[in-house]
């Protein structure tokens, strides 16, 4: 729980969810500070995706609350920009028009939406691909376009659900380094789901470890490593120690 | 430009085997009719079908136009109905449950028995023929669309919902464009059924059209002219079929390109 005076952007307060005959969330509680990058890891099938759907307002919890800036946002989609595992770029839209989809859905004119998204293309390494179609992009570019579509909506919290899961390891490392840099410049508040412990440590200020289903928070580990993070950091003793700690918690719990 | 040319070449080389097979069949047929001295009332030679068909070209053409018109109107009605129904079903789970069994039932109707009744009820005009065509083609179109809408990725729906999209906006931005490839497949199935349906409806009773032309020529043992009309019908179907690809390329240019990449 946050201490008094501790700034909180997002607070998950005792979230519980039971599907018929299948308890999934057993009182999940943690918080995220403004501009903080928090990763959620846990054994597969523990309910991470359900937790994300509940936070994103796509599903309602049976009990518990989601608070954003102190206001009840349970079941609300507006405070969150959600990036699913697949890039879900639509082949009938150009790359630029894919990135503006959220703005158009929100009622912005196509022209205004394009003017808002276009300046971000250079930062996202997509310069010159505005009028290309998604099938002309590499895997890494597709993910960056999907992330651009997510952040351009200018929501309070970014929810990233294993955004790099489908990429090869080299592209994945590049994307992680790039994401760390760009996030630092924009100051986004990010909640990331991942299977990849190394990815979680590399990107996060804090890692939340969930237990097996029905899930709750097992451990929160602060990653006190300098930023911007460099790929060489992975081989440092501090990095290895944190990785080891997370691995131990996960292994004990899944036994 | 070069892409288009290789695409055209590929289409040509794709039909070559069929053309060879057809040519071989025609040669065998011609040879058999000549060798066995079959009476043309029973089986005319392909050459005779061609020459007589050419001699009667004006009559054939005069009967092709009404068939084409009936096909167009009937298929148009079918498209309008299919779209309206599919969209309604996509928005209402209740309608989906209510209409799916009826849709399937409409396909079990024996058209061969219903068509003469439609003529009795509605006369020799356009209406009964349009009804026959609609009855035959409406099912593949409605089902193609309904399944196309429903095939929308769950994650895509979630993405749209997270953006705050209403059901209508989910439909407009994702379900509708996503269903277009499936729609064009259904359209191709439907259009071939439509021509056959038109011929059949005319065969039962009409004042003009390829169907009634075949029926009359059969009654006067002009087997060669029946077969000539069959050839015209086949050409008509193939033309309409090819046309759907052209329309598809205009409406969803992204589809073919995407598939070739993948």
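No value in this document is a laboratory result; all are computed from the given coordinates. Since the structure is predicted, the reported quantities are computational estimates derived from the model, not experimental observations. We place every Cβ from the backbone using ideal geometry, glycine too, and count neighbours over all the protein chains shown.
Calculated on C-alpha atoms, the gyration radius of the protein assembly as shown divided by its Kirkwood radius gives an Rg/Rh of 1.15.
Considering only alpha-carbon pairs that sit under 8 angstrom and 6 or more positions apart, the relative contact order computed for chain B is 25 percent. With the cut-off at 1.5 for a/c, could you classify the stretch A:129-255 from its C-alpha gyration tensor as rounded, prolate or oblate? Prolate. Could you work out which residue, out of B:40, B:116, B:101, moves most in a Gaussian network model of chain B, that is, has the largest mean-square fluctuation with Cα springs under 10 Å? Comparing B:40, B:116, B:101 in the GNM, the peak value goes to B:101.
The mean sequence distance of close C-alpha pairs (under 8 Å, at least 6 residues apart), as a share of the length of chain A, puts its relative contact order at 25 percent.
Counting Cβ atoms of other protein chains within 10 Å of each residue's Cβ and taking the mean over peptide A:85-98 gives 3. Among B:250, B:47, B:176, the largest mean-square fluctuation in a Gaussian network model of chain B, built with springs joining Cα atoms closer than 10 Å, belongs to B:250. Here r is the Cβ-Cβ distance between residue A:235 and residue B:95 and R0 is 45 Å; the resulting FRET efficiency, rounded to 0.05, is 0.15. Can you tell me the 0 to 90 degree angle between the C-alpha axis of helix B:57-91 and the longest principal axis of chain B, rounded to 10? Roughly 20 degrees between the two axes.
Once you have a ≥ b ≥ c as the square roots of the Cα gyration tensor eigenvalues for chain B, tell me rounded if a/c is under 1.5, and otherwise prolate or oblate according to whether a/b is larger than b/c.
Details: a/c = 2.97, a/b = 1.55, b/c = 1.91.
Oblate is the answer for chain B, as a/c is 1.5 or above yet b/c matches or exceeds a/b.
How well do other chains shield peptide B:154-161, expressed as the mean number of their Cβ atoms within 10 Å of each residue Cβ?
Values: counts 1, 5, 4, 1, 9, 14, 4, 7.
For this peptide, the per-residue mean of nearby foreign Cβ atoms is 6.
Using a Gaussian network model of chain B in which every pair of alpha carbons under 10 angstrom is joined by a spring, one finds that among B:192, B:11, B:157 the greatest mean-square fluctuation is at B:11.
One Cα centroid belongs to the stretch A:175-254, the other to the stretch B:35-96; the line between them spans 66 Å.
Could you put A:175, A:83 in order, starting from the residue whose Cβ has the fewest other Cβ atoms within 10 Å? The partial results should precede the final answer.
Values: A:175 20, A:83 24.
Least crowded to most crowded, the residues run A:175, A:83.
Note on A:174-184: average number of Cβ atoms from other chains within 10 Å of each residue's Cβ is 0. A helix-only calculation puts the protein assembly as shown at -19500 deg cm²/dmol for mean residue ellipticity at 222 nm, using -39500 (n - 2.57) for each DSSP H run of at least four residues, averaged over all residues. Remark: B:163, B:180 ranked as B:180, B:163, counting other beta-carbon atoms within 10 Å and listing the fewest first.
Please figure out what share of the DSSP beta bridges in the protein assembly as shown is antiparallel and state it in percent, rounded to the nearest 5. Among the beta bridges of the protein assembly as shown, antiparallel pairing accounts for roughly 55 percent. Principal-axis analysis of the Cα atoms of chain B puts helix B:93-108 at an angle of about 10° to the longest axis.
At 37 °C and a viscosity of 0.692 mPa s, what translational diffusion coefficient does Stokes-Einstein give for the stretch B:96-168, taking Rh as the Kirkwood radius over Cα pairs? Give it in µm²/s as a whole number.
Working: Rh = 15.1 Å.
Rounded to a whole number, D works out at 217 µm²/s.
The simple spin-label model puts a point 7 Å past each Cα toward its Cβ; for residue B:42 and residue A:18 those points are separated by 8.2 nm. Report, in degrees rounded to the nearest 10, the 0 to 90 angle that the Cα long axis of helix A:237-254 makes with the longest principal axis of chain A. So the helix axis and the longest Cα principal axis differ by about 70 degrees.
A Förster radius of 45 Å, combined with the Cβ-Cβ distance separating residue B:61 from residue A:154, puts the computed FRET efficiency at roughly 0.10.
Could you line up A:9, A:17 from fewest to most neighbouring Cβ atoms inside 10 Å?
Details: A:9 20, A:17 23.
Ordered by Cβ neighbours within 10 Å, fewest first: A:9, A:17.
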